[in-house]
Amino acid sequence: MTGAAATLARSAVTEIPAAAAAIRKAGTVRFEGLGKTYRSSAGEVQALSSIDLDIRAGEIFGIIGRSGAGKSSLLRTINRLERPTTGRVLVDGEDIALLDEAGLVALRRRVGMIFQHFNLLSAKTVYENVALPLRVAGVARDEITRRVDQALDLVGLAGKGGTYPSRLSGGQKQRVGIARALVSRPEILLCDEATSALDPETTVSILRLLRDINQRLGLTIVLITHEMSVIREICDRVVVLERGEIAEQGEVWQVFGAPRHPATQALLQPLQHGLPEDLADRLHETRRGPEDQAVVELTFAGSAVPDLAQLTELAGGRGLRLLSSQIDRIQGRAIGKLLLALGPGGDAEFPAHLADRTRIIGYVDDTDG
Amino acid sequence: MLTTQMVDRLQQALWDTVLMVSVSAGIAVLAGIPLAVFLVTSGSDGIFPAPRLNRIIGTVVNGFRAVPFIVLLVALIPFTRLVAGTTIGVWAAIVPLSVSATPFFARIAEVSLREVDPGLVEAAQSIGCRRWDIVRHVLLPEALPGIAGGFTITVVSMIGASAMAGAVGAGGLGDVAIRYGYQRFDTTVMLVVIAILILLVSAVQFSGDHAVRRLKAR
């Protein structure tokens, strides 16, 4: 977002009355024993089973899993685009299965949604697309104009109201989608693979916008993705789905720092460098001579801090080289790995507080070669 | 060459054809679009599910589509008398023409409505649209270019069908071509009628295509 747009957006946000701000405390979702079975010609498919989950007000909650893991079905039960076969979905403590059509429409106005393919109406302008939720809710015309302008400002599309969606770039289309979802001032925003159709640069800008909206409007965001990088970028907590069941869940730094389930590890794979190839070729498991250097892997899972001074001190003048490093800062914690070569002179003892896990993965005779 | 009398006759015939086709086309739109919306939305996974009624109406539509127009023209005579008060003339031809064009147009409009991305319907639901809002703001506007194209096809085929309206004394270009061109071996009249029909159909097709282009250019 440009500076000017951000300023505009900020002024737009401050206009939201105090009463609305108080309601912002709402926005919780609870799944109780949720299950979903699809009947198809091939027989029954269990898409989700025994999902118990709590999403807190105001957090950015990520649902990740491989394709077919049931993410989309789970997300769609929150605004009842999908009806669970068993179990309950509670939005702000209310069982949404019991809502009649009017109640359902009211719920959907409190729960916005954006889509992978944007799903904008091609026959309507940007303005008309964003205005539609208010029009069908019977909001007065000048109030609609005011709020649509506000929403377009918020997403950095001021002045684009008269354009048709087909003339916009993918990132702009998603911004229209976000404006349309926010114009009813929902307390929850559902994001269905919202960045999967976008290029990396646009993805970053859309994620930043979502983060921004979450912080300024205080609304709960539930997003599904198959990319761990999206989770790392903006989520507070994450649940990993595998074959319709919860594989693991927790704070993002915990799941990234110490993934327990094979599905999580597989999803994290693209974000991790393996052992550098040239090093792997020369690595041997046991010490062959006094000149060998130990290759040490330090894993940081969120509790230890990579303290370079301490590491150097520990090496005690024997020489310490950094071979490869990958430390991400997630939610203010260091997550990742350091690969060090410790100069000749026997195995050093690494104190436990230095890293969350330390191990010697092998020896090389010359790190420069 | 054509006598002045023949020119007058052709003028009258052109007017009769235009009148028959435009009134019937208007009725086909008014009745066909709701019918198409019903056929699309009342399926078991539609927004107004009524699968049994959907099957019944679908069968009726197919029934009308199966009957050749000339047979329909005769078979509908009692109905025509009831509605138009007469069984001969332009207004008597409009009844069977509309009855035949409506299911035809409805099926074509149905195809366009089905092509509307289900994601758009889902998006509309997610922003709190009621079912009628979805019909009005999503299905119809999004399918409009296709419906306009289908309407063009319907009108062109109705111009063809109106040639048989002579059977109920409704006149029109086809009637002139058969009575004067064919039965009295007047090749000139035949050729003139064909030329007028070609121009008429081209004009309809051109305006239809133009409308579709404009609707799509957004």
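With only the Cα atoms considered, segment A:83-150 has a convex hull volume of 138 Å³ per residue. In this structure, the amide hydrogen of A:GLY65, modeled 1.01 Å from its nitrogen in the peptide plane, lies closer than 5 angstrom to those of A:THR225, A:LEU241, counting only residues at least 5 positions away or on a different chain. So what is log10(I(q)/I(0)) for chain A at q = 0.07, 0.10 1/Å, when the Debye sum runs over its Cα atoms only? Ignoring solvent entirely, the Cα scatterers give -0.41, -0.73.
So what's the convex hull volume per residue for the Cα atoms of segment A:277-364, in Å³? Spell out each step's value before the answer.
Numbers: hull volume 7.5 nm³, N = 88.
Given the Cα convex hull of segment A:277-364, per-residue volume reads 86 Å³.
If you bin all the Cα-Cα distances of segment B:159-218 at 10 Å, starting from zero, the percentages per bin are 23, 38, 21, 13, 5, 0. Beta-bridge orientation, chain A: approximately 70 percent antiparallel, per DSSP, counting only bridges with both partners inside. The separation of segment B:153-218 from segment A:73-150, counted between C-alpha centres, amounts to 49 Å. Counting Cβ atoms of other protein chains within 10 Å of each residue's Cβ and taking the mean over peptide B:114-125 gives 5. Entry note, segment A:111-165: relative contact order of 53 percent, from Cα contacts under 8 Å with a spacing of 6+ residues.
Going Cα to Cα from A:LYS71, which lysines come in below 18 Å? Please leave out same-chain ones fewer than 8 positions away. The reachable lysines, counting only those whose Cα sits under 18 Å from A:LYS71, are A:LYS36. Computed from backbone phi, the HN-Hα couplings of segment B:31-43 come to 8, x, 5, x, 4, 5, 4, 4, 4, 6, 8, 9, x Hz, rounded to whole numbers (Karplus: 6.51 cos²θ - 1.76 cosθ + 1.60, θ = phi - 60°; Gly and Pro given as x).
Any read-out appearing in this document is the output of simple, stated calculations on the displayed coordinates, not a laboratory observation. It should be emphasised that the depicted structure is a prediction, and the values quoted were computed from it without experimental measurement. Quick reminder, even Gly has a Cβ in these numbers, built from the backbone with ideal geometry, and neighbours come from all protein chains shown.
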